[in-house]
Amino acid sequence: MDLVFLIRSRKTQAELTKKLNKNESEGWKGHKPEQRLLLQWVTAQLRTRQGETTFRVENSARHPGMKGALELARKAADAHTKGLPAEPIPEPEKSDALLTGVKLRGLMQREAYEELKRRLKIQERRATEGNIERIKYALKTLNGQAPSRKMIWRSTRGSNTSKKTQTFRWRAIHEAHATGDFFARMENLGHLAMCPECGSLESLEHILLECEIGSHEVVWGTARSLWEQAGETWPEIEYGTLLGCGAARPIKKRESAEEKDGLNRLFQKLLSEGAFLLWKLRNKRRIENEDDEDLHQSQNEVRNKYIEALKTSATTDFAMTNKGKFGKQALPKKLVMNTWNKLLVVNTEREEGTERAHTEQVGVLVGMGLSKTLGRLIQRSGSSPTQR
């Protein structure tokens with residue numbers, strides 16, 4: 001016998017018809033537990049019956065077939081409002097009609113991990129939860145509102161920051177880097193637990209913002225100078241800001257959305273490249289050079305390494321605008337231009353009746369070649385730098 005369902009939701013119609021194979025293959029990913037159970041139960045019941053089943057969308061409440069359904073819906077809504085327990089959905093009987101789990105064929109590693117977390121109800125580690133809260137607190141001050149957990153984890157991917165810095169931040173949020181607490185549990189490497197300069201436990205926060213060796217002062221001082229050269233005010237940087245810098249949005253409004261996005265992207269790069277460099281410098285100083293003071297990096301060397309990291313990031317950005325080479329993964333040229341062009345300032349002067357343009361390298365940029373590198377990249381891209 002044929003059966004016709006009258007439903008009001010086109011989404012439900014699609015879930016049980018044209019999207020059914022995809023939903024079952026992915027284990028009804030993206031659906032809430034109660035939705036997943038209900039849809040699995042309905043699908044299993046319909047699969048066991050004979051005859052054709054049709055789902056037809058009907059929005060008119062006057063239709064004879066809709067009156068009974070609306071009355072049941074009203075009763076369920078009233079029960080929910082009064083706090084009465086909902087009628088439980090019966091567990092579908094185990095049979096070939098009930099498809100559970102996900103198909104392994106074509107399953108991505110990330111999807112498998114999410115499915116395992118859902119089934120095993122894996123909770124985030126306490127340290128991870130603490131860092132997530134620090135990120136939310138810091139970025140609420142910087143952005144004007146706290147990012148969601150999804151936004152925070154998504155910021156450890158994407159094209160705004162390099163893969164290496166993203167991996168560094170992901171591990172930092174999970175406290176998976178080998179720092180003081182890690183070395184304190186090892187007999188043969190226990191001496192690496194404490195900072196030899198400050199005498200305190202060497203946490204990642206200590207390395208990035210507190211250590212008296214001073215590399216962080218050079219890096220963040222340089223970042224501040226570059227940000228101020230772009231015409232912006234440098235905000236207070238906290239540990240949570242660095243961990244969640246991929247979701248940082250200090251610029252709220254500009255003349256165009258492209259300019260705002262470009263400046264926010266520049267800020268993310270200044271922080272992500274700086275934090276990752278400080279981590280690498282610490283590893284070289286403490287592990288490779290075994291705390292030999294004669295091999296410590298000078299302030300100029302630290303500054304030059306930071307500028308070099310930014311030059312590499314800019315070079316990669318401009319190279320990624322090549323649509324012929326990278327196709328859909330190519331970066332929009334306007335986005336890249338708005339990220340970097342304010343670090344290259346062209347002054348136009350009149351001298352004896354002629355105009356002469358020259359590149360201004362100010363403050364920490366003097367002698368470092370960042371402005372010159374950006375100039376070459378911008379000229380190669382066929383665009384003009386910002387003029388003052």
With point charges of +1 on the Cβ of Lys and Arg and -1 on the Cβ of Asp and Glu, referenced to the Cα centre of segment 1-86, which listed residue (Thr54, Thr43, Leu72) lies farthest in the positive direction of the dipole? Leu72
Per the Kirkwood treatment, what hydrodynamic radius in Å, one decimal, follows for segment 1-66 from the mean inverse distance over all distinct Cα pairs? 12.9 Å
Report the Cα centroid-to-centroid distance between segment 17-71 and segment 218-259 in angstrom, as an integer. 49 Å
For segment 199-254, build the charge dipole from Cβ charges (+1 Lys, Arg; -1 Asp, Glu) around the Cα centre, then report which of Gly231, Gly199, Thr241 sits farthest towards its positive end. Gly231
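Quick one: compute a quarter of the convex hull surface over the Cα atoms of segment 248-334 and quote it in nm².
Taking the Cα atoms of segment 248-334, their convex hull projects to 7.7 nm² on average.
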Compare Leu295, Leu6, Leu331 by solvent-accessible area with a 1.4 Å probe and give them largest first, with all protein chains kept in place. Leu295, Leu6, Leu331
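Once you wrap a convex hull around the alpha carbon atoms of segment 176-275, what is its projected area averaged over all directions, in nm²? Walk me through the intermediate numbers first.
Numbers: hull surface 28.1 nm².
One quarter of the hull surface, i.e. the mean projection, equals 7.0 nm².
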Placing unit charges on C-beta atoms (Lys and Arg positive, Asp and Glu negative, everything else neutral), compute the dipole magnitude of segment 232-285 about its Cα centre in debye, rounded to 20. 320 debye
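Give me the Kirkwood hydrodynamic radius of segment 270-312 in Å, from all C-alpha pairs, to one decimal place? Present the calculation step by step, with values, prior to reporting the outcome.
Values: mean 1/r = 0.0928 Å⁻¹.
In segment 270-312 this quantity evaluates to 10.8 Å.
What whole-number volume per residue, in cubic angstrom, does the convex hull of the C-alpha atoms of segment 147-209 give?
About 106 Å³ per residue, rounded to a whole number.
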Counting sequence-distant residues (5 or more places) and residues on other chains, those with an amide H built under 5 Å from that of Phe5 are Thr54, Phe55, Arg56
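Please arrange Met66, Met194, Met320, Met1 by accessible surface area, largest first, computed with a 1.4 Å probe and ligands excluded.
Details: Met66 5, Met194 85, Met320 45, Met1 170 Å².
Ranked list, largest accessible area first: Met1, Met194, Met320, Met66.
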With every protein chain kept in place and a 1.4 Å probe, the residues Tyr137, Tyr306 fall, from largest accessible area down, as Tyr137, Tyr306
Filter the trypsin sites (Lys or Arg not before Pro) in segment 164-269 down to the DSSP loop ones having no more than 11 other Cβ atoms within 10 Å, then list what survives. Arg185, Lys252, Lys253
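The values are calculated or read from the model by the stated rules, or taken from the named source; none is laboratory data. Please read all numbers here as calculations on a predicted model, not as lab measurements. All Cβ positions, glycine included, derive from the backbone under ideal geometry; neighbour counts span all protein chains shown. The protein model used for the area step is the full one, side chains on, heavy atoms only, and it has no ligands, DNA or RNA in it. Shrake-Rupley method; radii C 1.70, N 1.55, O 1.52, S 1.80 Å.
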